[in-house]
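What follows is calculated from the coordinates using simple rules that are stated; it is not laboratory data. Keep in mind that this is a model prediction, so the values were computed, not measured. Please note: Cβ atoms are built from the backbone with ideal geometry, for glycine as well, and neighbour counts cover all protein chains shown.
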Amino acid sequence: MRVFWFGGIVTAACASWAAWTMASVGGANSPPTPRHCAGGSAGFIAVPGGTALIGDDRGYADERPAIAVPLAAFRFARHEVTNGEFAAFVAATGHVTTAELRGDSIVFAPPRAGDIPVSPAQWWRVVGGADWRHPEGPESSIAGREHYPVVHVSLDDAEAYARWKGARLPTEEEFEYAAQGGKDGSPGDGEQPAPDFANTWQGPFPISDLASDGHAGPAPVGCYRANALGAHDLIGNVWEWTVTSYRPGHSPGPASSALIAASAPSAGEDLRVIKGGSFLCAPNYCARYRPAARHAQARQETASHLGFRLAANP
Ligand SMILES: [Ca+2]
């Protein structure tokens, strides 16, 4: 069964997130702000080791409990891997992606005027011919999008790229720690990020994206303000793969069946944690523009809002 549960429903347990954030749709009525984008190939930042507080006791059920995790120093890419960078990999290796082999991928399809969408099945479509070169389907292309994050890549594709670069993908803990800016803990307060800090969704999802942060849909990498460590796009733009196997919650004990059902729709598959939220995260839906936010993703699944970045050992 194809899994497209992206974004996540604002569950009853997390209704408070939506309530808090609906009042803070930053700049929702402001005109879109043009952004200066740094472009690709900005390399790595060095992240010192420390004790990271992972998870958020006030967040979604699978973000709980917050736990302290020792982390060794690591390097972390300043931004997502771009189409241009991935094209160089494909040209050098002949790599054929999972979506190309399968012949389709999952694409966000905004509702038509007059529709009142009520479930993810109404805004996600399995599109034949959608792949990293054709992000919206066979009639689309990445011409002029060399600095956009590559999407429609599986974990296998991402790991193949990482091996070619002599690097690796981050763990969930590394990603979350880097997204916090390297601080020990201090999870976000749940408010939608400032329009200059992350590419998210302003307005009522999935009906109207006001794009007051400068972009509707994905943005080129490095368009938004870097965090304290110098990395961009860690709580917006596109979701990103980690190598960490997904468990519903951070507790070392077994999760309840209700939590499993609420957070892992396809138990039994090889599910990994994706991090970082996306351009589709809005206060009324998802609200996963926070370092602690996480999602389960089958390793072979691909979508128009899912990419990756590299990590490496010091
Ligand atoms: Ca946006």
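Close amide H partners of residue 104, meaning residues 5 or more places away or on another chain with modelled amide H under 5 Å apart, are 129.
The listed peptides 109-116, 131-138, 241-248, ordered by packing as a protection proxy, come out as 241-248, 131-138, 109-116 (highest mean of other Cβ atoms within 10 Å first). Whole-Hz Karplus values for segment 126-138 come out as 7, 10, x, x, 7, 7, 5, 7, 9, x, 9, x, x Hz, taken residue by residue from phi with 6.51 cos²θ - 1.76 cosθ + 1.60 and θ = phi - 60°; glycine and proline positions read x. Coupling constants for segment 95-108 follow from the phi torsions by the Karplus curve (6.51 cos²θ - 1.76 cosθ + 1.60, θ = phi - 60°), and in residue order they are 4, 10, 6, 4, 5, 5, 5, 6, x, 7, 7, 9, 10, 6 Hz; glycine and proline get x. Here the calculated FRET efficiency for residue 194 and residue 73, from their Cβ-Cβ distance with R0 = 25 Å, stands at 0.30, rounded to the nearest 0.05.
Working from label points 7 Å from Cα in the Cα-to-Cβ sense, the residue 93 to residue 139 distance is 3.3 nm.
Relative protection proxy for 289-297, 120-128, from highest mean packing down: 289-297, 120-128 (other beta-carbon atoms within 10 angstrom). Residue by residue, segment 151-156 carries 3J(HN,Hα) couplings of 10, 6, 10, 7, 4, 4 Hz when phi is fed to the Karplus relation 6.51 cos²θ - 1.76 cosθ + 1.60 (θ = phi - 60°); x denotes Gly or Pro.
Amide H to amide H distances under 5 Å link residue 272 with 246, 297, 298, 299, where only residues 5 or more positions off or on other chains count and H is placed in the peptide plane.
Where Lys and Arg each count +1 and Asp and Glu each count -1, what net charge lies around residue 167 among other residues with Cβ under 11 Å from its Cβ? Charge balance in the 11 Å sphere: +4. Report note on the peptides 84-95, 207-218: ranked by the mean count of other C-beta atoms within 10 Å, highest first, their order is 207-218, 84-95.
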